[in-house]
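Here is the structure we will look at, set down as structure tokens.
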Amino acid sequence: MANLANGSTVFLASALAAAKNVTAATNAAEAVLTSTGHGLKDGDFVVVTNGWNDTNGRVFKVGASAADSFKLVGCDTSDTVRFPAGAGVGSVKKITEWTQISQITNVEASGGEQQFTQYGFLEDDFERQLPSVKSARAITFTMAYEPDLPGYKAAAKASDSKAQTPLRINLPTGKTLLYNGYPSLNDTPALTRNEIMTVSLSYSLSVKFNQY
């Protein structure tokens, strides 16, 4: 069934805890990470840093937490070609604070188009193509020009840091989308007669997003 985006809320991570070392990671339908005294609980969100390219830098939900281990919910690492055994060690950082970006008037996603490489053989009179990579993705948020709001200040701070900053979107369906990327605020307000003043926050994705 189709759904409306009305009621969605957007948050930027505004604080992360110190990194917790991960000394082992399993190849399983849901990866289990070993981290002594991690202090995480089910439902926490963490940024992963490790040697698996498909998980490095992504934001995951914590599940099945025990004293020295926890699962990355929905993280299937059973394919040992994509996830070589032993390469999942590294660290995680818990996201301890989120700040809502309010008064958003429009959201536009761009990129992600499939790219192709074309080739042909000497004896051919036609070309073939193979799918290669997908183009870089970005999300642009148009928001009211309200510099005193906490969300505006958080966006400006994240933009000035030029660092990866996790982003969370809570959909009215109950789903949560989790991203990691680079926010950039254009703080010059658009001035159009009879329209509210707005600015744009572009968010360049650096990794795949997760949905829960």
Tally the residues that are in contact with a strand residue (DSSP E or B) (Cβ under 6 Å, 6 or more places away or on another chain) and within 26 Å of residue 84 (Cα to Cα), restricting the search to region 9-41. 16
Among the residues of region 30-83, write down those that are more than 26 Å from residue 11 (Cα to Cα) and among the polar types (S, T, N, Q). 34, 35, 36, 69, 77, 78, 80
Name the strands (runs of 3 or more DSSP E) wholly within region 1-109 that hold at least 3 residues that are out of contact with any Ser or Thr (no Cβ under 6 Å at 6 or more places or on another chain) and either of a type in the set (Lys, Arg) or open to solvent by less than 80 Å² (accessible area, probe 1.4 Å) (or both)? 9-16, 45-50, 59-63, 69-72, 90-100
Filter region 110-121 for residues that are part of a strand (DSSP E or B) and open to solvent by less than 90 Å² (accessible area, probe 1.4 Å); which is farthest from residue 166 (Cα to Cα)? 119
Just give me the residues in region 134-144 being open to solvent by less than 90 Å² (accessible area, probe 1.4 Å) and part of a strand (DSSP E or B), in sequence order. 138, 139, 140, 141, 142, 143, 144
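Which of the residues that make up region 21-35 are in contact with a Leu (Cβ under 6 Å, 6 or more places away or on another chain) and either at pLDDT below 95 or within 16 Å of residue 94 (Cβ to Cβ) (or both)? Even if it seems obvious, please write down each step before you answer.
Here is the first cut: in region 21-35, the residues in contact with a Leu (Cβ under 6 Å, 6 or more places away or on another chain) are 22, 25, 31.
Result: 22, single match.
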One residue is enough: does region 145-160 have a residue meeting the conditions out of contact with any Pro (no Cβ under 6 Å at 6 or more places or on another chain), open to solvent by less than 70 Å² (accessible area, probe 1.4 Å) and part of a strand (DSSP E or B)? no
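The values are calculated or read from the model by the stated rules, or taken from the named source; none is laboratory data. These numbers come from a predicted model, not from an experiment. Positions of Cβ are backbone-derived with ideal geometry, glycine not excepted, and every protein chain shown enters the neighbour counts. Surface areas here come from the heavy atoms of the whole protein model, side chains and all, with no ligands, DNA or RNA. Shrake-Rupley method; radii C 1.70, N 1.55, O 1.52, S 1.80 Å.
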